[in-house]
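The values are calculated or read from the model by the stated rules, or taken from the named source; none is laboratory data. Since we're looking at a predicted model, the values are computed, not measured. Positions of Cβ are generated from backbone atoms using ideal geometry, with glycine treated the same way; all protein chains shown enter the neighbour counts.
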Amino acid sequence: MKRTPFYEVHLELGAKIAPFAGYEMPIQYDGIIAEHKRVRESVGVFDVSHMGEFKVSGKDALNFLQKLTVNDVSKLTSGRAQYSAMCYEDGGIVDDLLIYNLGDSYMVVVNAANIEKDFEWMKKHLDGDVNLENISDEIALLAVQGPKSLLTLQKLTDVDLSQIKYYHFVKGKLADVDMIISRTGYTGELGFELYFEADPQLCKKVWNAVMEAGKEFNIGPAGLGARDTLRTEMGYMLYGNDIDQSTNPFEAGLDWIVKLDKGYFIGRDSLLRVKNEGLKRKLVGYIVDDKIPPRHGYEIFKDGNKIGYVTSGTFSPILEKGIGMGYVDIKFSNPGERISINARGKELTAVIVNLPFVPNRAR
């Protein structure tokens, strides 16, 4: 098992550590609900250094990324980030990812569980003047999320953080450390991502500085447990749960990132066919009538007939009800549709709703 450069910090804080995507990661510190509410109401800090980062450079880097990803990378100017995905030839999803235009190169940020698979997939399709490097182990990544995140971090930098728009980033110093300061997020709240050198001493320095700066706002650490409940309230997908090789971007509701008119990319022909033929199923969100959370793999029914399955489910600390996402037959995918879920023999009743479950304030 690998460890992030913040591992010793997590131990000192008494984090509950568990394996995740090949890493020993903090699942929670003082409780998932407390950490969840901290991020929604004030500010919380996540160690997400397990995420993968690839550097793509060379004069054909743009063409290479255009061929590999579904979004239009040519629209990505320097200082901007883009949400996208890579697909197999049949339209199934290799991974969802972020692309940063660093000016002289690109940084591709991928899911921790997919680092090796994604790197091999990209390497397999290399052509032209392109240099592809896996720099995952060299980069530490902190996500500082919540309505007080800007006020917290502004104390530590001369960069005017209020000028960083959503899905933009700057290079600058924060806590006297050179880093990329980015605004994307996975919680639906105002927040920043800090990319910097994965040196444990440097990491401890940045961590302590951020914690000290946020003291007046009752800042605290947040683990992967709260990260999961926060992203589920937003209807944000998790690879391996809601999307994978067996799902395509259209049925997952990611049509907004698929630019079929940009020219050739891997999977384009299959996705064009899916669009023309129409969807057979769709990823939906639903609220359960009580507090029991639906779990991944539970079956979904309508009038006694199986119509789909749960991909993600949790207890929402904000709604105080069970919420979830899942694929259902397209004819039962409209908001307001009543469904039932088989939770290990217990029937949960639920209603399909528009996502997100709670307002998105990230912008």
Some residue of the range 196-219 being outside any helix (DSSP H, G or I), among the aromatic types (Phe, Trp, Tyr), surrounded by fewer than 16 Cβ atoms within 10 Å (Cβ to Cβ) and at pLDDT 95 or above: no
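Here is a yes/no grid of residues against (1) in contact (Cβ under 8 Å) with a residue 12 or more places away in the chain; (2) among the polar types (S, T, N, Q); (3) closer than 21 Å to Leu76 by Cα:
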residue	(1), (2), (3)
Ala143	yes, no, no
Gly146	yes, no, no
Leu153	yes, no, no
Thr157	yes, yes, no
Lys165	yes, no, yes
His168	yes, no, yes
Lys173	yes, no, no
Asp178	yes, no, no
Count - residues of the range 119-158 that are farther than 23 Å from Ala85 by Cα, more than 19 Å from the chain's Cα centre (by Cα) and aliphatic (A, V, I, L, M): 4
Residues being without any contact (Cβ under 8 Å) to a residue 12 or more places away in the chain, under 26 Å from Leu260 (Cβ atoms) and assigned to a strand (DSSP E or B) - total across the range 273-307: 0
Residues that are of a type in the set (A, V, I, L, M, F, W, C) and under 20 Å from Gly188 (Cα atoms), drawn from the range 304-340: Phe315, Ile318, Leu319, Ile323, Met325
Among (1) touching a residue at least 12 places away in the same chain (Cβ under 8 Å); (2) outside any loop (DSSP other than H, G, I, E, B), the one test that Met237 misses: (2)
Residue match in the range 154-161 (condition: assigned by TED's automatic domain parsing to the domain that holds Thr69, part of a helix (DSSP H, G or I) and under 24 Å from Pro221 (Cβ atoms)): yes
Complete set of residues in the range 28-55 that are surrounded by 23 or more Cβ atoms within 10 Å (Cβ to Cβ) and among the aromatic types (Phe, Trp, Tyr): Phe46
Strands (runs of 3 or more DSSP E) enclosed by the range 1-92 - at least 2 residues per element that are under 17 Å from the mean Cα position of the chain (by Cα) and within 23 Å of Asp137 (Cβ to Cβ): 23-28, 44-47, 52-57, 81-87
Yes/no for Gly128 being surrounded by fewer than 22 Cβ atoms within 10 Å (Cβ to Cβ), in the same structural domain as Ser182 (by TED's automatic domain parsing), small (Gly, Ala, Ser) and on the phi > 0 side of the Ramachandran plot: yes
Number of positions in the range 343-357 that are crowded, with 16+ Cβ neighbours inside 10 Å and over 17 Å from the mean Cα position of the chain (by Cα): 5
Some residue of the range 308-330 being among the small types (Gly, Ala, Ser), part of a loop (DSSP other than H, G, I, E, B) and free of Cβ contacts under 8 Å to residues at least 60 places away in the same chain: no
In the range 331-363, the residues that are over 13 Å from Arg231 (Cα atoms) and part of a loop (DSSP other than H, G, I, E, B): Ser333, Asn334, Pro335, Gly336, Glu337, Arg344, Gly345, Asn354, Arg363
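For (1) within 23 Å of Asp95 (Cα to Cα); (2) crowded, with 22+ Cβ neighbours inside 10 Å; (3) small (Gly, Ala, Ser), each residue gets a yes or a no:
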residue	(1), (2), (3)
Tyr7	no, no, no
Gly22	yes, no, yes
Ser57	yes, no, yes
Lys67	yes, no, no
Residues of the range 282-307 classified as over 23 Å from the mean Cα position of the chain (by Cα) and either assigned by TED's automatic domain parsing to the domain that holds Asp255 or under 19 Å from Gly91 (Cβ atoms) (or both), total: 0
Failed item, numbered, when Leu126 is tested on (1) closer than 12 Å to Gln245 by Cα; (2) outside any strand (DSSP E or B): (1)
